[in-house]
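Take a look at the structure below.
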Amino acid sequence: AWSSTWGTTFTPSVTAAWQPDAALRVRGGVARGYRAPSFKETHWNFSNPTAGYEVRGNNALSPESSWQVSLGLAWEPGAGTVIDVEMYHNSLRDLIDFRSAGTSPAGLEIHQTTNVARAMTRGLDLNIQQRLGDLSIIAAWSWLHTRDLESDQPLSERIPHSIRLSARQDLGEAAVTFTGRWLSATPAAGGFDAREALLSLDVAASWHLTRQLELRGGIENLLDQVPDGWSAPLGRTARLELAITP
């Protein structure tokens, strides 16, 4: 890749897969990653007094680079059942990250992009899907371990564990989906306070009015759970949209 601002970068990747039988597929790969700072990350400058914070860009940012090693498998033990698991490890240099940078004269907490000289992330994603006629069930679990190797502290606002349970029922031209999410507590890091665990329930529905016209709606965080420490808006949210497919 070439950029007039950041120069030339070489990002090779090697992947391989092995399928010992029709029900099992093993995969793995090694890849070089590279990401230049975005315009927002270098020039963002806005405040949200209602939420009590201010976001600032950083025009001294350097591009981040990484190496990733991954290993995964997909297994179909029976009709309608798929189990997929993926393990990965990332070694990063100059990671572009948000950090707390003190308080402004107006009393707003300042969030600013910065480079983390050396960092590491590793994790595991497990996904189990089951199809029972018109009913689809998905259970997913993710584990994430992060480290700022300079300070020997976790990276800020990364969620160590998350669990998602989802059930979708097809009803002819319509469908209804219920999703439960649990996000584990996040430790204090990077100047940010610790966050409590979050448990939420989402419901969504869709209806094909015609072949090209679909009505969609839903409610996120139905129980209106807003635990301490979460800066993002998490309250109950309703949506309704009309989608047109050419």
Item to complete: Report, to the nearest whole %, how much of the accessible area of the stretch 125-207 belongs to carbon and sulfur atoms, 1.4 Å probe, protein only.
Response: 61
Item to complete: Keeping every protein chain in place, order VAL226, VAL82, VAL55 by accessible area at 1.4 Å, biggest value first, i.e. largest first.
Response: VAL226, VAL82, VAL55
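Given Cβ point charges of +1 (Lys, Arg) and -1 (Asp, Glu) and nothing else, what value in debye, to the nearest 20, does the dipole of the chain about its Cα centre take?
In total the dipole reaches around 440 debye.
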Worksheet item: Per residue, how many Å² of accessible area does the stretch 125-246 show with a 1.4 Å probe?
Response: 61
Worksheet item: Taking Rh as the Kirkwood radius, which is the inverse of the mean 1/r over Cα pairs, what is the Rg/Rh value for the stretch 88-163?
Response: 1.19
Discussion item. Modelling each spin label as a point 7 Å along the Cα-to-Cβ direction, I'd like the LEU171/ALA31 distance in nm, to one decimal.
Written reply: 3.9
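Helix-only estimate, please: 222 nm mean residue ellipticity of the chain, summing -39500 (n - 2.57) across DSSP H runs of length 4 or more and dividing by its residues, to the nearest 500. It would help to have the intermediate numbers written out before the result.
Working: 1 runs with 5 residues, N = 246.
My calculation for the chain gives -500 deg cm²/dmol from helical runs alone.
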Worksheet item: Which value, in Å³ per residue, describes the convex hull spanned by the Cα atoms of the stretch 190-246?
Response: 99
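Which whole-number percent gives the relative contact order of the stretch 121-219, counting Cα pairs below 8 Å spaced six or more residues apart? Present the calculation step by step, with values, prior to reporting the outcome.
Numbers: 218 pairs, mean separation 19.3, N = 99.
So the answer I get is 19 percent.
Taking DSSP loops as anything outside H, G, I, E and B, show the longest stretch in the chain free of GluC sites (Glu not before Pro) there with at most 13 other beta carbons within 10 Å.
Details: sites that count: GLU150, GLU173.
Counting at most 13 other Cβ atoms within 10 Å as exposed, the longest clean stretch of the chain is 1-149.
Scale the Cα Rg of the chain by the rule-of-thumb value 2.2 N^0.38 Å and send over the ratio, two decimals.
Details: Rg = 21.7 Å, N = 246, 2.2 N^0.38 = 17.8 Å.
Dividing the Cα Rg of the chain by 2.2 N^0.38 Å gives 1.22.
At 0.36 nm per residue, and after removing the present C-alpha to C-alpha distance, how many nm does the segment from TRP67 to THR15 gain when stretched out fully?
So the extension gain works out to 17.4 nm.
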Worksheet entry | Overall dimensions of the stretch 46-187 by Cα: Rg and Dmax, Å | 20.3, 62
Fill in: Mean separation of Cα contacts under 8 Å, 6 or more apart, over the residue count of the chain: relative contact order %
10
Fill in: At R0 = 25 Å, FRET efficiency that the Cβ-Cβ distance of ILE110 and GLU196 yields, to 0.05
0.60
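Assuming R0 = 51 Å, what is the FRET efficiency of ASP134 and THR8, from their Cβ-Cβ distance, to the nearest 0.05?
Values: r = 52 Å, r/R0 = 1.03.
E between ASP134 and THR8, to the nearest 0.05, is 0.45.
Starting from the Kirkwood Rh over alpha-carbon pairs, what translational D in µm² s⁻¹ does the stretch 113-230 have by Stokes-Einstein at 37 °C and 0.692 mPa s? Let's see the in-between values first.
Numbers: Rh = 16.9 Å.
Reported coefficient: 195 µm²/s.
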Discussion item. Once each part is reduced to its C-alpha centroid, what is the distance from the stretch 37-58 to the stretch 128-199 in angstrom?
Written reply: 26
Item to complete: Using only alpha carbon pairs under 8 Å that are at least six residues apart, calculate the relative contact order of the stretch 1-102 and give it in whole percent.
Response: 23
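The values are calculated or read from the model by the stated rules, or taken from the named source; none is laboratory data. These figures come from a predicted structure and were not determined experimentally. FYI the Cβ positions are ideal-geometry reconstructions off the backbone, even for glycines, and counts take in every protein chain you see. When the accessible area is computed, the model is the full protein with side chains, heavy atoms only, and any ligands, DNA or RNA have been set aside. Shrake-Rupley method; radii C 1.70, N 1.55, O 1.52, S 1.80 Å.
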